[in-house]
Amino acid sequence: MDAEIEGFCHDGRGLAHIDGRVTFVDGALPGERVEVLYTALKRDFAEANVVRVLEASALRCEPKCEYFARCGGCSFQHVDPKRQIEVKQGILEQQLRRIGHLENISFWPPIRGPVWAYRRKARLGVKYVAKKQRVLVGFREKAARLIADIEHCEVLHPRVATRLPEIAELINSLSIRDRIPQIEVAVGDCDCVLVFRNLSEASAGDRLLLRDFGRSHDFSVFLQPNGPDSLVAVDECATRTLSYALPGHDLQFQFEPLHFTQVNIEINRRMVDRVIQLLEPGPCDRVIDLFCGIGNFTLPISRHAQRVVGIEGSRELIAQARKNAGINRIDNVRFWRADLTADIASEAWCKDSYRLALLDPSRAGAQEILQYLPRWGVRRLVYISCNPSTLARDAALLTGTFGYRIQGAGVMDMFPQTSHVESIALFEKD
Ligand SMILES: C[S@@+](CC[C@H](N)C(=O)[O-])C[C@H]1O[C@@H](n2cnc3c(N)ncnc32)[C@H](O)[C@@H]1O
């Protein structure tokens, strides 16, 4: 079918009406005329892929990566890398208008960083292909559940991106080559960890091969036979403690390979600076940092505030946040574990007051916690979001129900070459 692309939908796909039916077209840009192939045809909407571009948008560019058409690791390489972030700002603006009912928002200049080789965290799929007696290591394909056959990756940190064939060969040499479904990659400022999920026990020979590979390529290699607590080092020299620095705040963070950390270190540094600049914590301020993880924002804020309370759902992350406060000799922070979607009214920290708040939830947003902000006396709130739709929904509640004004918003180029949109917004109340 031929289609005229009218705009972007919330996830970066092109939006068209074909025979009156709303159609989400992967790989198409607004203003383009394209030939598409349906991939799903439902009663109310359809999904399609671009087969041929008949009239191209000025935003379109040649994807840098030769695997872009098949590999599902990236979805936005057909958009000029310098202009992707403008597109994402447009998506945020659209969501805030449609879902948040917010018009005329002032947008700050986007936070930009490196657009290639930025990704420090990844889950790589692994598949032993018996017919070819080969192992594939990479991201899943766009159109299928298969692992894309790739030899390098343009967005992954170079320490791993250039080693994919060697990692695949290593797995092919193991007795459990068909029992390893994935590898978790975690890169810190100094070290790089590979965690091989193993569904069968590795033999002594396998462990030696993994150990030697780690030593010769400077990876700390772990096996993960069960859940996230089951990591076993294959080498007594391997480190499972990674670190990153925020030099502008004189801070050092430690984390473990499976802990949540921001994937893009450059953007993280600039994002933390922007949070401090917007929140303006002062020596008399008590601040609450909700969804605080390992204290990525809590500790920088504590440099300026009287006291900061960090709340997080994961026990492991709270323990790591406390360690990070200790490593940096910070004693004006407290970290508590809580499920922020549950009733938290009886928690001691919930009975205190806070003038400033930071929210950095996962994709689901922070709907349930919003009602507490006015009760705590929060005057200024910075909301960081990886999902413009839930940010817009929560912004509607903050402005409509809880009496906050949105003072501005912005996008951050956290995930270049993908359609993920990372954004930040400031809300205030007198
Ligand atoms: C986007 S991460 C942000 C972490 C941290 N602010 C940072 O910059 O590293 C979201 C965090 O919310 C936590 N989380 C998710 N659901 C939660 C819940 N229901 N209650 C509390 N924390 C939750 C996750 O464990 C994760 O650490």
Task: Residue that is farthest from Gly188 (Cα to Cα), among those in region 119-172 that are basic (Lys, Arg) and assigned to a loop (DSSP other than H, G, I, E, B) - done: Lys131
Open item on the list: Going through Asp343, Asp352, Asp339, Asp430 one at a time, which residue ends up being farther than 22 Å from Ile99 by Cα and modelled with pLDDT under 95?
Closed with: Asp430
Task: Which listed residue is within 13 Å of the ligand (Cβ to nearest atom), over 18 Å from the mean Cα position of the chain (by Cα), within 22 Å of Ser385 (Cβ to Cβ) and not aliphatic (A, V, I, L, M), from Thr298, Thr261 - done: Thr298
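For every residue, the table says whether it meets (1) surrounded by fewer than 24 Cβ atoms within 10 Å (Cβ to Cβ); (2) under 27 Å from Pro114 (Cβ atoms); (3) among the aliphatic types (A, V, I, L, M).
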position	(1), (2), (3)
Tyr383	no, yes, no
Pro388	no, yes, no
Thr401	yes, no, no
Gly410	yes, yes, no
Met414	no, yes, yes
Thr418	yes, yes, no
- [ ] Would you check if there is a residue in region 322-331 being assigned to a loop (DSSP other than H, G, I, E, B), under 12 Å from Gly293 (Cα atoms), within 12 Å of the ligand (Cβ to nearest atom) and of a type outside the set (Val, Ile, Thr)?
- [x] no
Task: Within region 154-169, considering residues that are under 13 Å from Tyr67 (Cβ atoms) and touching a strand residue (DSSP E or B) at 6+ places or on another chain (Cβ under 7 Å), the one surrounded by the fewest Cβ atoms within 10 Å (Cβ to Cβ) - done: Leu164
- [ ] Among the candidates Arg112, Arg119, Arg33, Arg123, single out the residue that is at pLDDT 95 or above, closer than 28 Å to Ala425 by Cβ, surrounded by fewer than 18 Cβ atoms within 10 Å (Cβ to Cβ) and of a type in the set (D, E, K, R).
- [x] Arg112
Open item on the list: Under 7 Å between Cβ atoms, which residue pairs at least 6 apart in sequence (or on different chains) link something in region 27-54 that is in contact (Cβ under 8 Å) with a residue 40 or more places away in the chain and at positive phi with a partner that is assigned to a strand (DSSP E or B) and polar (S, T, N, Q)?
Closed with: Gly27/Asn49
Task: Test for Phe255: is it within 10 Å of the ligand (Cβ to nearest atom) and not assigned by TED's automatic domain parsing to the domain that holds Met412 - done: yes
TODO: Return the total of residues in region 285-310 being in a loop (DSSP other than H, G, I, E, B) and either in contact with a Ser or Thr (Cβ under 6 Å, 6 or more places away or on another chain) or acidic (Asp, Glu) (or both).
DONE: 2
Task: Lone qualifier among Ser353, Ser423 - being outside the structural domain of Arg13 (by TED's automatic domain parsing) and either surrounded by fewer than 19 Cβ atoms within 10 Å (Cβ to Cβ) or assigned to a loop (DSSP other than H, G, I, E, B) (or both) - done: Ser353
- [ ] Filter region 248-305 for residues that are of a type in the set (Asp, Glu) and closer than 24 Å to Ala122 by Cα and give the result.
- [x] Glu256, Glu266
Open item on the list: Test of understanding: among Pro281, Pro247, which residue is modelled with pLDDT of 95 or more, more than 11 Å from the ligand (Cβ to nearest atom) and buried (at least 22 other Cβ atoms within 10 Å of the Cβ)?
Closed with: Pro281
- [ ] Within region 327-350, track down each residue that is over 29 Å from Glu422 (Cα atoms) and surrounded by fewer than 11 Cβ atoms within 10 Å (Cβ to Cβ).
- [x] Arg329, Asp331, Ala345, Ser346, Ala348
Task: The lone exception for Ala364 - which of (1) surrounded by 23 or more Cβ atoms within 10 Å (Cβ to Cβ); (2) closer than 12 Å to Phe291 by Cβ; (3) aliphatic (A, V, I, L, M) it fails - done: (1)
TODO: Only residues that are part of a loop (DSSP other than H, G, I, E, B) and out of contact with any strand residue (DSSP E or B) (no Cβ under 9 Å at 6 or more places or on another chain): list them for region 241-270, please.
DONE: Asp250
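The values are calculated or read from the model by the stated rules, or taken from the named source; none is laboratory data. This one's a predicted model, so the numbers in the text were calculated from it and none came from an experiment. Quick reminder, even Gly has a Cβ in these numbers, built from the backbone with ideal geometry, and neighbours come from all protein chains shown.
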